[in-house]
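Undergrad: Mind looking over this structure? Questions follow.
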Amino acid sequence: MYQPAAFTEDRPEVLHELIRQSPLGLLVSAGSHGLMADSIPFLVYPDEGETGVLRAHLARANPHVAALRDASDCLVAFTGPQGYITPSWYAAKAEHGKVVPTWNYAAVHVQGPPRVIDDTAWLRNLVGDLTQSQEHGRATPWAVDDAPADFIDGMLRAIIGVEIPIRRIEGKFKMSQNRAMPDRVGVVRGLRAERVPNEPLAALVALRGDVPDA
């Protein structure tokens, strides 16, 4: 990942939180099967291993499973709040006009050796954890036990697990930190004034850019 100093984030707890907030990761592997990629939701277990562990499941019929069995390494890319930044929001546009559009985003990349897991109990625990992570806080949260046991057993037979010990994790929060404060203020206000306000991105720009009274 290209990492200008202004945008670099290396605190594990911050990177783990982005994964929790944006769990759909792009799983990429390369090997004898060629280059393969799948978007699947992951859970991060920060207290396991040296720097945490990622876990997920794929359809058993997915050819990526065979590729993961052979792979010694893989990459999972997560993307958080993101959006287009128009130069019209910059105070610098009115001052000298030397401005161009850009794109703000938060991203975390994880690398590690994948381990394919074909164990019903392990998968049942993972599915329960993944469900709870998304259902928690709902007025009437759904639980795996709400479905008939034989139905869940059939669903579990159709999937297979993957576990990735985190060997490397890096993050990038490109949130206008390289712009002067008046431009950062303009970005926050602009994102919030959009026809469909982008509050998650506006809040991160304000936080990362130390924008006052945002």
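Undergrad: Amide H neighbours of Glu48 under 5 Å, counting only residues 5+ apart in sequence or on other chains, H built in-plane at 1.01 Å?
TA: Here Val53 satisfy the definition.
Undergrad: Whose amide H sits under 5 Å from the amide H of Thr102, counting only residues 5 or more places off or on another chain, with H placed in the peptide plane?
TA: HN-HN under 5 Å from Thr102: Ile85.
Undergrad: Relative contact order, percent, of the stretch 111-189 when contacts are C-alpha pairs under 8 Å separated by at least 6 residues?
TA: It rounds to 48 percent for the stretch 111-189.
Undergrad: Go ahead and set up a Gaussian network model of the chain, Cα springs under 10 Å, then flag whichever of Leu35, Leu15, Leu201 fluctuates most.
TA: Leu35
Undergrad: Over the chain, what number does the Rg to Rh ratio reach, with both radii from the alpha-carbon atoms and Rh per Kirkwood?
TA: With Rg and the Kirkwood Rh in hand, the quotient comes to 1.06.
Undergrad: Enumerate by residue number the trypsin sites (Lys or Arg not before Pro) in the stretch 128-214 meeting two conditions: DSSP loop (anything except H, G, I, E, B), and at most 11 other Cβ atoms within 10 Å of the site's Cβ.
TA: Counting only loop positions with at most 11 other Cβ atoms within 10 Å, the trypsin sites (Lys or Arg not before Pro) in the stretch 128-214 are Arg138, Arg195.
Undergrad: Under a 1.4 Å probe, what is the accessible area of the chain per residue, stated in Å²?
TA: Roughly 55 Å² per residue, with all protein chains present.
Undergrad: If you place +1 on the Cβ of every Lys and Arg and -1 on the Cβ of every Asp and Glu, how big does the dipole about the Cα centre of the stretch 1-153 come out, in debye to the nearest 20?
TA: With Lys and Arg at +1 and Asp and Glu at -1, about 660 debye.
Undergrad: Still on this structure: Read phi for every residue in the stretch 18-24 and hand back ³J(HN,Hα) as whole Hz from Karplus 6.51 cos²θ - 1.76 cosθ + 1.60, θ = phi - 60°, with x for Gly and Pro.
TA: With coefficients 6.51, -1.76 and 1.60, one gets 4, 4, 5, 6, 10, x, 6 Hz.
Undergrad: Just in the stretch 1-106: which GluC sites (Glu not before Pro) are loop by DSSP and have at most 16 other Cβ atoms within 10 Å?
TA: Those that pass, being in a loop and sparsely packed, are Glu48, Glu50.
Undergrad: Rounded to the nearest 500, what is the chain's calculated 222 nm mean residue ellipticity when only DSSP H runs of at least 4 contribute -39500 (n - 2.57) each, over all residues?
TA: Calculated at 222 nm, the ellipticity per residue is -9500 deg cm²/dmol.
Undergrad: Calculated FRET efficiency, Tyr2 and Arg192, Cβ-Cβ r, R0 30 Å, to nearest 0.05?
TA: Result of the calculation: an efficiency of 0.60.
Undergrad: I would also like to ask the following. Any chance you could give the angle, 0 to 90 degrees and rounded to 10, that helix 199-208 forms with the longest Cα principal axis of the chain?
TA: 70 degrees
Undergrad: Let me ask something additional. With an 8 Å cut-off on Cα pairs and a minimum separation of 6 or more residues, tell me the relative contact order of the stretch 5-208 in percent.
TA: That works out to 27 percent.
Undergrad: Contact order normalised by length for the stretch 2-86, with contacts defined as Cα pairs under 8 Å and 6 or more residues apart; what percent is it?
TA: Value for the stretch 2-86: 33 percent.
Undergrad: Springs between alpha-carbon atoms under 10 Å, Gaussian network over the chain: tell me which of Ala56, Ala94, Ala66 tops the mean-square fluctuations.
TA: Top of the fluctuation ranking is Ala94.
Undergrad: Still on this structure: Counting Lys and Arg as +1 and Asp and Glu as -1, what is the net charge of the other residues whose Cβ lies under 13 Å from the Cβ of Arg11?
TA: Around Arg11, the surrounding residues sum to -3.
Undergrad: Let me ask something else about it. Just going by the charge dipole of the stretch 12-164, with Lys and Arg at +1 and Asp and Glu at -1 on Cβ, which of Val100, Asn62, Gln134 is farthest out on the positive end?
TA: Positive-most Cα among the choices belongs to Val100.
Undergrad: Out of the total accessible area of the chain (probe 1.4 Å, heavy atoms of protein only), what percent is carbon and sulfur?
TA: Looking at the chain in its full context, I get 54 percent from C and S.
Undergrad: Moving on. Most mobile of Ile164, Ile85, Ile19 per a Gaussian network model of the chain (Cα springs, under 10 Å)?
TA: In the Gaussian network model the winner is Ile85.
The values are calculated or read from the model by the stated rules, or taken from the named source; none is laboratory data. It should be emphasised that the depicted structure is a prediction, and the values quoted were computed from it without experimental measurement. So basically every Cβ, Gly included, is an ideal-geometry build from the backbone, and we count neighbours across all protein chains shown. Quick note on the areas: whole protein, heavy atoms, side chains included, nothing else; ligands and nucleic acids left out. Shrake-Rupley method; radii C 1.70, N 1.55, O 1.52, S 1.80 Å.
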